[in-house]
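Notes follow the structure.
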Amino acid sequence: MIGKHKYTLLKKEGKARRGRFETVHGTIETPVFMNVGTQAAIKGAVDAQDLKAINCQVELSNTYHLHVRPGDELIRDLGGLHRFMNWDRPILTDSGGFQVFSLAQMRKIKEEGVTFKSHVDGRTIFMGPEESMQIQSNLASTIAMAFDECVENPAPREYVEASVERTTRWLKRCMAKLEELNQAEGTINPDQLLFGINQGGVFDDLRITHAKEISKLDLPGYAIGGLAVGESHEEMYRILDAVVPHLPEDKPIYLMGVGLPENILEAVERGVDFFDCVLPARNGRHGHVFTAHGRINLGNQRFERDQRPIDPGCGCPACQNYSRAYIRHLFKAKEMLAMRLCVLHNLWFYNDMMAKIRRRIEEGTFAEYKAAQLAQWKQPEPH
């Protein structure tokens with residue numbers, strides 16, 4: 001049984017979609033950027049209350065990392081991920097598939113699943129569709145992602161073709177297992193939702209065939225995976241142009257692991273609803289911050305006496321209270337507060353950009369907004 005949910009398409013401008021996705025943990029206004037808390041925390045000393053202050057709608061945590069440490073069974077015993085991290089809005093957990101293929105050493109792929117060694121302590125772990133669903137059910141996230149194989153780019157067509165077929169078989173096993181878990185006694189979130197993942201590398205025909213195949217399964221949502229792994233932006237946009245029309249219009253579409261603000265604008269224009277990326281938090285921890293006029297590096301000496309906020313028009317806690325000069329000093333002094341302030345700012349920037357995108361689609365002016373922003377961001381680093 002698929003959990004309670006409802007997706008409503010409120011407005012379209014071209015292919016860009018303004019939607020609303022209702023879940024057991026609250027309503028998600030789309031397009032949305034999910035703030036990445038890999039290990040049930042945003043890197044940079046940002047907690048759940050901070051996320052509310054910067055208007056985060058969805059927090060994303062990582063199945064693989066939480067399984068390795070502290071253990072999904074421990075989190076289940078403590079009431080699930082929402083209670084564990086004190087977050088009462090939607091949570092999406094990825095399946096662990098990407099980490100298995102990108103982090104794990106000595107992995108061995110079989111039809112049953114993948115055997116690999118933990119990157120933390122070297123112990124042998126087996127994960128397949130059923131194990132991934134069990135872990136995500138223990139975590140009790142709002143949305144669980146199907147276990148899939150994220151192939152390297154470039155990869156031979158023959159390998160990609162076989163991998164896509166296996167991913168489809170794994171998806172059907174995920175569906176069966178999650179239905180069983182949602183009906184089991186003692187399950188924390190019996191309304192857990194499952195999103196399927198489209199794969200196919202950079203081969204348009206494989207992508208389209210797979211999109212058609214998984215669309216027949218009538219899942220609550222669909223993701224496009226295996227992008228932002230080394231292909232060019234142009235290739236990514238080409239694949240989105242090819243694939244999105246073959247995914248259901250009455251379901252949310254999630255582009256995994258993307259990306260830069262300009263990537264998000266381009267993908268929204270092509271019909272994508274959900275996004276996630278570690279980039280804003282990672283950049284913030286190194287003093288690289290986003291502004292309405294482009295990116296700046298607060299490590300530069302020219303900000304030493306700059307009393308302006310990071311972005312004069314910004315409503316984030318950092319910009320409301322501190323200067324570029326002060327935050328630059330914190331980085332030079334290696335104070336943790338520097339990272340915290342810049343991560344808060346960057347996540348605010350992304351969440352606020354998504355709010356503007358939603359409003360612009362409602363008004364029918366998204367295309368103008370996109371063109372103006374892309375032109376602005378192509379300018380040299382702002383002063």
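The values are calculated or read from the model by the stated rules, or taken from the named source; none is laboratory data. All values reported here derive from a predicted model rather than from experimental measurement. Glycine gets a Cβ as well: all are built from the backbone with ideal geometry, and neighbour counts include every protein chain shown.
Go through segment 334-362 and give me each residue that's touching a His at 6+ places or on another chain (Cβ under 9 Å) and either assigned to a helix (DSSP H, G or I) or buried (at least 20 other Cβ atoms within 10 Å of the Cβ) (or both).
Within segment 334-362, A338, M339, C342, N346 qualify.
If you check E185 against the conditions, is it surrounded by fewer than 18 Cβ atoms within 10 Å (Cβ to Cβ) and not in a loop (DSSP other than H, G, I, E, B)?
When the stated conditions are applied, E185 does not pass them.
If you check V268, V258, which single one turns out to be assigned by TED's automatic domain parsing to the domain that holds F84, crowded, with 20+ Cβ neighbours inside 10 Å and touching a Leu at 6+ places or on another chain (Cβ under 7 Å)?
Details: V268 fails: touching a Leu at 6+ places or on another chain (Cβ under 7 Å).
After applying the criteria, what remains is V258.
Residues being under 18 Å from D241 (Cβ atoms) and part of a loop (DSSP other than H, G, I, E, B): count how many of those fall in segment 188-229.
Residues that pass the stated criteria total 9.
Exactly one of (1) part of a loop (DSSP other than H, G, I, E, B); (2) touching a helix residue (DSSP H, G or I) at 6+ places or on another chain (Cβ under 6 Å) is unmet by F275. Its number?
Here F275 clears every test but (1).
So E152 ticks every box in (1) in a helix (DSSP H, G or I); (2) surrounded by fewer than 21 Cβ atoms within 10 Å (Cβ to Cβ) but one. Which box is left unticked?
Every condition holds for E152 apart from (1).
For segment 233-279, which positions are in contact (Cβ under 8 Å) with a residue 60 or more places away in the chain, farther than 22 Å from D94 by Cα, in contact with a Lys or Arg (Cβ under 7 Å, 6 or more places away or on another chain) and of a type in the set (D, E, K, R)?
Within segment 233-279, E269, R270 meet the criteria.
Identify all residues within segment 1-56 that are at pLDDT below 95 and charged (D, E, K, R); write none if there are none.
K4
Check segment 340-352 and report whether any residue there is outside the structural domain of R18 (by TED's automatic domain parsing) and free of Cβ contacts under 8 Å to residues at least 12 places away in the same chain.
No, that holds for no residue.
Within segment 22-48, which residues are crowded, with 16+ Cβ neighbours inside 10 Å and more than 24 Å from Y64 (Cα to Cα)?
Passing the criteria: I28, T30, P31.
Could you pull out the residue among D250, D273, D311 that is in contact with a strand residue (DSSP E or B) (Cβ under 8 Å, 6 or more places away or on another chain), loosely packed, with under 15 Cβ neighbours inside 10 Å and among the charged types (D, E, K, R)? Walk me through how you get there before you give the answer.
Values: D273 fails: loosely packed, with under 15 Cβ neighbours inside 10 Å; D311 fails: loosely packed, with under 15 Cβ neighbours inside 10 Å.
Sole residue among the options that is in contact with a strand residue (DSSP E or B) (Cβ under 8 Å, 6 or more places away or on another chain), loosely packed, with under 15 Cβ neighbours inside 10 Å and among the charged types (D, E, K, R): D250.
I'd like to know if segment 247-260 contains one or more residues that are assigned to a helix (DSSP H, G or I) and closer than 30 Å to M336 by Cβ. Break it down into steps so the answer makes sense when it comes.
First, the residues of segment 247-260 that are assigned to a helix (DSSP H, G or I): none.
No, the conditions are met nowhere in segment 247-260.
Can you name every residue in segment 9-21 that is over 22 Å from A242 (Cα atoms) and either polar (S, T, N, Q) or surrounded by 15 or more Cβ atoms within 10 Å (Cβ to Cβ) (or both)?
Within segment 9-21, R20, F21 meet the criteria.
Just a yes or no: is a residue in segment 138-150 closer than 28 Å to R89 by Cα and either among the basic types (K, R) or out of contact with any strand residue (DSSP E or B) (no Cβ under 9 Å at 6 or more places or on another chain) (or both)?
Checked against the condition, which is being closer than 28 Å to R89 by Cα and either among the basic types (K, R) or out of contact with any strand residue (DSSP E or B) (no Cβ under 9 Å at 6 or more places or on another chain) (or both), segment 138-150 yields at least one hit.
Go through L60, L78 for me and flag whichever is loosely packed, with under 14 Cβ neighbours inside 10 Å and hydrophobic (A, V, I, L, M, F, W, C).
Criteria check complete, one pass: L78.
Where residues in segment 166-196 are touching a His at 6+ places or on another chain (Cβ under 9 Å) and either without any contact (Cβ under 8 Å) to a residue 40 or more places away in the chain or not polar (S, T, N, Q) (or both), which of them is nearest to K4 (Cα to Cα)?
D191
In this structure, does R20 turn out to be in contact with a Ser or Thr (Cβ under 9 Å, 6 or more places away or on another chain) and either closer than 30 Å to L330 by Cβ or among the charged types (D, E, K, R) (or both)?
yes
Select from segment 81-110 the residues that are in contact (Cβ under 8 Å) with a residue 24 or more places away in the chain and on the phi > 0 side of the Ramachandran plot and write down the one among them that is surrounded by the most Cβ atoms within 10 Å (Cβ to Cβ).
Applying the filter and picking the extreme gives G96.
Within segment 15-66, which residues are within 18 Å of G284 (Cβ to Cβ) and of a type in the set (F, W, Y)?
The answer is F33, and nothing else.
Just checking, does segment 35-47 include any residue being touching a residue at least 40 places away in the same chain (Cβ under 8 Å), under 18 Å from L181 (Cβ atoms) and not in a loop (DSSP other than H, G, I, E, B)?
no
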